[in-house]
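Reviewing the structure listed below.
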Amino acid sequence: MLEQLAALGYLSDARFAQQFTSQKTGAYSKRAIGASLKARGIEASDAAVALAGVEIDDHDAMVALWRRRFGAPPANDKEKARQVRFLQSRGFSLSAIIKLLRNPPGDS
């Protein structure tokens, strides 16, 4: 049955990878999206094609996500730790997060 669905084009890892990637773009880093695809059993070639098919700039995605979620620099160490944990859970690197929090973007 699954072979028939795949032959008819209803079941496709490549299509799933493209949809999943476009859905997660802007909320997760490229590294996190790739890891999620790998964890779901998607072939590396299908994942690479899906990731290449969308414009993912990790820095811009991280800044936009940070603005949506927090919008202001952390007021204390507890808040800073919360922001760092959230952004790390989305797959962004610690060095990029610290750089963002040390020099938060202005309103634009």
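Every number in this text was worked out from the coordinates using simple rules, so none of it is lab data. The structure displayed is predicted, hence computed values, not measured ones. Cβ: placed from backbone, ideal geometry, glycine included. Neighbour counts: every protein chain shown.
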Fewest-first ordering of Arg31, Arg102, Arg90 by Cβ atoms within 10 Å yields Arg102, Arg31, Arg90
Between Arg69 and Ala7, what is the spin-label point distance in nm, taking each point 7 Å from the Cα along the Cα→C-beta axis?
4.6
First measure r as the distance between the Cβ atoms of Lys99 and Glu55, then evaluate 1/(1 + (r/R0)^6) with R0 = 30 Å and state the FRET efficiency to the nearest 0.05.
0.90
Stokes-Einstein D (µm²/s) once Rh is taken as the Kirkwood radius of the chain over alpha-carbon pairs, at 20 °C in 1.002 mPa s
140
If you only keep lysine pairs separated by 8 or more in sequence, or across chains, how many in the chain come under 21 Å at the Cα atoms?
5
Sequence-distant or interchain residues sharing an amide H contact under 5 Å with Phe92, placed H: which?
Ser29
Within 10 Å, count the other beta carbons around each residue, average over each peptide in 54-66, 7-19, and list them highest first.
54-66, 7-19
Compute the acute angle (0 to 90°) between the alpha-carbon long axis of helix 77-89 and the principal axis of greatest extent of the alpha-carbon atoms of the chain; round to the nearest 10°.
20
Write down the Kirkwood hydrodynamic radius of segment 2-52, to one decimal in angstroms, obtained as one divided by the mean of 1/r over all alpha carbon pairs.
11.1
